[in-house]
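Engineer: One structure coming up, written as structure tokens, with questions to follow.
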Amino acid sequence: MHFNRAGALVALLCVAIYWFLGGRSSIALAGTVFCGIAYKEAIDSGKNSSSEANSSEAAAPKKKKGCCGGKGGKNCCSSKGGEKKSGCCCSSKKIESKDKQDFMMIPGSEASKEVNFPDEIDFTNAFKPSGKNNGASAKPRKIISKPKLISKPKNEDGLVKSAMTISKDALLSSQIYIFYSSLQGAAQRAASTVHETLSKIEGLDLEPILLNLDELDDIDEYFVSVPSENALYFLVLPSYDTDCPLDYFLQTLEENFNDFRIDKFPLRKLVGYGILGIGDSESWPEKFCYQAKMADHWIARLGGRRVFPVGEVCMKRGGISDVQNWANLLSETLKDDEPILYEYDETIDENLQDGDDQLGDLEDIGKESNGDESQIKQMVAENSPTYRKLTKQGYVIVGSHSGVKICRWTKSDLRGTGSCYKHSLFNIVSSRCMELTPSLACSSKCVFCWRHGTNPVSKNWRWEVDPPEYILENALKGHYSKIKQMRGVPGVVMERFAKAFQVRHCALSLVGEPIMYPYINRFVELLHEKGISSFLVCNAQHPDALESIGKVTQLYVSIDASTKQELKRVDRPLYKDFWERMLSCLDILRTKQSHQRTVFRLTLVKGFNMADISSYADLVQRGLPSFIEVKGATFAGSSDGNGNPLTMQNIPFYEECTNFVKQFAAELQRRNLGYDIAAEHAHSNCILIASTKFKINDEWYTHIDFDKFFELLRSGENFNPMDYIAKTPEWALFGNGGFAPGDTRVYRKGKKKSKNVPKAEPTT
Ligand SMILES: Cc1cc2nc3c(=O)[nH]c(=O)nc-3n(C[C@H](O)[C@H](O)[C@H](O)COP(=O)(O)O)c2cc1C
Ligand code: SF4
């Protein structure tokens, strides 16, 4: 008898009613047992029928729903009837697919050609052959960066990380420049191939120009300025893991990128650029074309738009025919009428990012340091972001708080293209001048300062102190190592290069506040012992230190504004009593330091500190300096997120500076203070007002007789500023420009030769 589950349950219910109405318990118990057995039987019977149903599904292969998926097991379609697992509907499919793979791997078969990738992927794999006659895949692939980059959010300065180039018309009307650097001639031949190929492009407005990078007079003329508004650059570069001329080029790019004094993205002015690297992948597999990649990195970071992928050609394997391929594809790309998607490489350097968070006022950081004020730290520790930032800008960090950097004027003078203003005003030779600071920290944050938030600020010295001997020795080493890098640079005058290894002058300014260094006097003595003159620039915030300064060749105090309000705006000093501190410094110059050659340095910033000439005259009357050096501020870039508010509008024209100086001198004369305009260096927007003490028999004597200075020092006698003067040469006098006759003036292409332009050459 077969019960279904419902029947068994109804019988159980009847038994329960019988018992509830007073039936016999023994009979009710027997009925319950019977119902239970019947119920269990009904369940077992249900299971069997379901199992039968599954078996019948397995028997019908078209119903795949219950397939094991190749796993086998109890319900596997193949387990029925003792069939081998290989008979499973899914595993048989797998076998079929593997068979196909095996088939595809058969060497020489059509299928194997589809999947047989070469061992090394060369640059041509980035493209498909172009040209209308080349079938379905005729167009060269133009997507250089991943399209998804387009939707990336804007960066802080409003740029997106990728964008489209301008249309073909603009590409074809561009002036193409092909640069190369070559030691053994291969890159030169490759560049000629690229030049020839591009010259044949139909519809090109201008003949491409071929240039040897190693022979450029001034790399900055092409890689800071750009020679024409619609320039397209292509560079053909070899790689050398030993010294080669390309090192200097790459270093210049990197330094320019890290130099806050010049526009952050100068190569944004280019229509675009592309790089072809040549090298040897057999002998230098790890460093194959590494210098081409470095050039690509820096040009992109300087704002260049990469309009074609970096080519990497092994001269041993592909050789000149790969170069020709690259040139052909480039030529097709330029002809094509689609705009090119380029990657705007603004990858944020992780180091810099780290640093940005931690830079700022060490003053404040110090306060946060667990409240442990006694803990003495290094000002710029070797592993700190500040250290990395400064070294990237070209500084050699000496010890933990000093820095040395070869200045642009030193490089310029080595090449015979002009010294800094201190040459025409005071007789400093730039190629023999070392720019140094024994304190990278400063107590002000002047708006025109080039440090731009790079170096620490603090009111007082609170760090470990390096001995002066150590600083000088290592600063000279650092300076000479930078000079050495200039060897082989086109135009370097051999004689000046040789003499540059004997420093004669030290400009103690650079960045930071030198007199914060506790052993500044000993340091200056050491300089003098080595026959190096000292030009010490202070920010007029440390009267005590200024008072105790010993003999220097020339002592400067920066006067950055003539009123309290303006000074606060320009210098952003840390001290609350900054104005009183400055006035005290002026008093010290007039009294305790009157034995020195003293100089007021004014840095003119339009809209900030050029309005109140009479107040400046008050300050001169108080300090009575030997000289007043008036200099237009240099544009050090802005909007880089460090709070520098200056724009080009704040940089005065030369004419504006001379007008200011004329009115200033007139005011001083009106007060009978005995000053007049003496000399100038128009190129750096700098004019010198001097005490008429230095005008003898109607001739100016603003220059320094350095030999005499050292002679007097050695004598141990007291001496005064008039004891080591020298005659100012004719060319340096106000009105004559201040450019030394032995040098060759280089005008940037496309720039007016007029004096009436704001100057950008920074000077310490
Ligand atoms: C000393 C030496 C070092 C080299 N180092 C590299 C290297 O690091 N990476 C690379 O890809 N090729 C390297 N090469 C290969 C050159 O880049 C290659 O020969 C190139 O074609 C030279 O170009 P050039 O004749 O214009 O100077 C090196 C060659 C020499 C002789
Ligand atoms: S700018 Fe300063 S560091 Fe450079 S040469 Fe002139 S004085 Fe020396």
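The values are calculated or read from the model by the stated rules, or taken from the named source; none is laboratory data. Values in this document were obtained by computation on a predicted structure and should not be read as measured data. Here the Cβ is made from the backbone with ideal geometry for all residues, glycine too, and neighbour counts use every protein chain on show. Areas reflect the complete protein model, heavy atoms only, side chains present, ligands, DNA and RNA absent. Shrake-Rupley method; radii C 1.70, N 1.55, O 1.52, S 1.80 Å.
Engineer: Look through TRP326, TRP284 and report the one residue that is over 22 Å from the mean Cα position of the chain (by Cα), open to solvent by 50 Å² or more (accessible area, probe 1.4 Å) and either more than 27 Å from VAL489 (Cβ to Cβ) or not basic (Lys, Arg) (or both).
Structural biologist: TRP284
Engineer: Continuing with this model, one more query. Tell me which residues, restricted to the stretch 646-685, are among the polar types (S, T, N, Q) and either without any contact (Cβ under 8 Å) to a residue 40 or more places away in the chain or open to solvent by less than 10 Å² (accessible area, probe 1.4 Å) (or both). Spell out the reasoning first.
Structural biologist: Filtering the stretch 646-685 down to residues among the polar types (S, T, N, Q) leaves 647, 649-650, 658-659, 663, 669, 672, 684-685.
Within the stretch 646-685, THR647, THR658, ASN659, GLN669, ASN672, SER684, ASN685 meet the criteria.
Engineer: Pairs, please: C-beta under 7 Å, at least 6 apart or cross-chain, first residue assigned by TED's automatic domain parsing to the domain that holds LYS335 and open to solvent by less than 10 Å² (accessible area, probe 1.4 Å) and in the stretch 184-208, second assigned to a loop (DSSP other than H, G, I, E, B) and away from ligand 1 (no atom under 16 Å from the Cβ)?
Structural biologist: Hits for this filter: LEU198/PRO208.
Engineer: Then there is this: On the given criteria, is ILE628 surrounded by 22 or more Cβ atoms within 10 Å (Cβ to Cβ) and either aliphatic (A, V, I, L, M) or modelled with pLDDT of 95 or more (or both)?
Structural biologist: yes
Engineer: On to the next question. Looking only at the stretch 429-445, filter to residues that are open to solvent by 10 Å² or more (accessible area, probe 1.4 Å) and farther than 23 Å from HIS683 by Cα; which one of those is nearest to ligand 2 (Cβ to nearest atom)?
Structural biologist: Looking at residues that are open to solvent by 10 Å² or more (accessible area, probe 1.4 Å) and farther than 23 Å from HIS683 by Cα, I get CYS442.
Engineer: Between residues in the stretch 277-292 that are among the aliphatic types (A, V, I, L, M) and residues that are more than 6 Å from ligand 1 (Cβ to nearest atom) and assigned to a loop (DSSP other than H, G, I, E, B), which pairs lie under 9 Å by C-beta distance while being six or more apart or on different chains?
Structural biologist: ALA292/VAL310
Engineer: Can I ask one more? Let me spell it out: the conditions are (1) at pLDDT 85 or above; (2) aliphatic (A, V, I, L, M); (3) surrounded by 19 or more Cβ atoms within 10 Å (Cβ to Cβ), and LEU334 meets all of them except one. Which number is the exception?
Structural biologist: In the conditions (1) at pLDDT 85 or above; (2) aliphatic (A, V, I, L, M); (3) surrounded by 19 or more Cβ atoms within 10 Å (Cβ to Cβ), LEU334 misses (1) alone.
Engineer: Inside the stretch 371-404, can you point out the residues that are in a strand (DSSP E or B) and modelled with pLDDT of 85 or more?
Structural biologist: Passing the criteria: VAL396, ILE397, VAL398, SER402, GLY403, VAL404.
Engineer: Out of the stretch 211-226, which residues are more than 14 Å from ligand 1 (Cβ to nearest atom) and surrounded by 15 or more Cβ atoms within 10 Å (Cβ to Cβ)?
Structural biologist: LEU211, LEU216, ASP218, ILE219, ASP220, GLU221, TYR222, PHE223, VAL224, SER225, VAL226, listed by residue number.
Engineer: What residue, among those in the stretch 264-286 that are closer than 14 Å to MET315 by Cα and part of a loop (DSSP other than H, G, I, E, B), is farthest from ligand 2 (Cβ to nearest atom)?
Structural biologist: GLU282
Engineer: Are any of the residues in the stretch 245-256 under 28 Å from ASN325 (Cα atoms), open to solvent by 40 Å² or more (accessible area, probe 1.4 Å) and either more than 16 Å from ligand 1 (Cβ to nearest atom) or in contact with a Cys (Cβ under 7 Å, 6 or more places away or on another chain) (or both)? Show your work before the answer.
Structural biologist: The initial filter retains those residues of the stretch 245-256 that are under 28 Å from ASN325 (Cα atoms), namely 245-247, 249-250.
Those still in the list that are open to solvent by 40 Å² or more (accessible area, probe 1.4 Å) too: 245, 247.
With either more than 16 Å from ligand 1 (Cβ to nearest atom) or in contact with a Cys (Cβ under 7 Å, 6 or more places away or on another chain) (or both) added as a condition, the list becomes none.
Checked the stretch 245-256: no residue is under 28 Å from ASN325 (Cα atoms), open to solvent by 40 Å² or more (accessible area, probe 1.4 Å) and either more than 16 Å from ligand 1 (Cβ to nearest atom) or in contact with a Cys (Cβ under 7 Å, 6 or more places away or on another chain) (or both).
Engineer: Can you name the residue in the stretch 153-193 that is away from ligand 1 (no atom under 13 Å from the Cβ) and β-branched (Val, Ile, Thr) and, of all such residues, is modelled with the highest pLDDT?
Structural biologist: Here the residue is ILE178.
Engineer: Working only within the stretch 406-428, note down all residues that are open to solvent by 10 Å² or more (accessible area, probe 1.4 Å), more than 15 Å from THR744 (Cα to Cα), in a loop (DSSP other than H, G, I, E, B) and near ligand 2 (Cβ under 8 Å from one of its atoms).
Structural biologist: CYS407
Engineer: Among the listed residues VAL503, VAL511, which satisfies the condition of being at pLDDT 95 or above and either not assigned by TED's automatic domain parsing to the domain that holds LEU472 or not small (Gly, Ala, Ser) (or both)?
Structural biologist: So the residue among VAL503, VAL511 that is at pLDDT 95 or above and either not assigned by TED's automatic domain parsing to the domain that holds LEU472 or not small (Gly, Ala, Ser) (or both) is VAL503.
Engineer: In addition: In the stretch 696-721, what residues are open to solvent by 60 Å² or more (accessible area, probe 1.4 Å), touching a Ser or Thr at 6+ places or on another chain (Cβ under 9 Å) and not acidic (Asp, Glu)?
Structural biologist: Within the stretch 696-721, just ASN720 meets the criteria.
Engineer: Using the structure shown, decide if ARG268 is crowded, with 19+ Cβ neighbours inside 10 Å and within 18 Å of TYR222 (Cβ to Cβ).
Structural biologist: no
Engineer: So which of TYR233, TYR290, TYR240, TYR273 ends up being out of contact with any His (no Cβ under 7 Å at 6 or more places or on another chain), of a type outside the set (A, V, I, L, M), modelled with pLDDT of 90 or more and away from ligand 1 (no atom under 16 Å from the Cβ)?
Structural biologist: TYR233
Engineer: Out of the residues in the stretch 383-404 that are surrounded by 23 or more Cβ atoms within 10 Å (Cβ to Cβ) and within 15 Å of GLN485 (Cβ to Cβ), state the one that is farthest from ligand 1 (Cβ to nearest atom).
Structural biologist: Applying the filter and picking the extreme gives VAL404.
Engineer: Condition check: in the same structural domain as LEU526 (by TED's automatic domain parsing), part of a helix (DSSP H, G or I) and within 16 Å of ligand 2 (Cβ to nearest atom). Does LEU476 satisfy that?
Structural biologist: So LEU476 passes the test.
Engineer: Going by the conditions given, is ARG317 surrounded by fewer than 24 Cβ atoms within 10 Å (Cβ to Cβ), more than 19 Å from TYR240 (Cα to Cα) and of a type in the set (D, E, K, R)?
Structural biologist: No, not satisfied.
Engineer: Further question: Any residue at all in the stretch 458-470 that's buried (at least 21 other Cβ atoms within 10 Å of the Cβ), assigned to a loop (DSSP other than H, G, I, E, B), more than 16 Å from ligand 1 (Cβ to nearest atom) and in the same structural domain as GLY531 (by TED's automatic domain parsing)?
Structural biologist: yes
Engineer: Name, by its number, the condition in (1) within 16 Å of ligand 2 (Cβ to nearest atom); (2) touching a residue at least 40 places away in the same chain (Cβ under 8 Å); (3) touching a Cys at 6+ places or on another chain (Cβ under 6 Å) that does not hold for SER534.
Structural biologist: (2)
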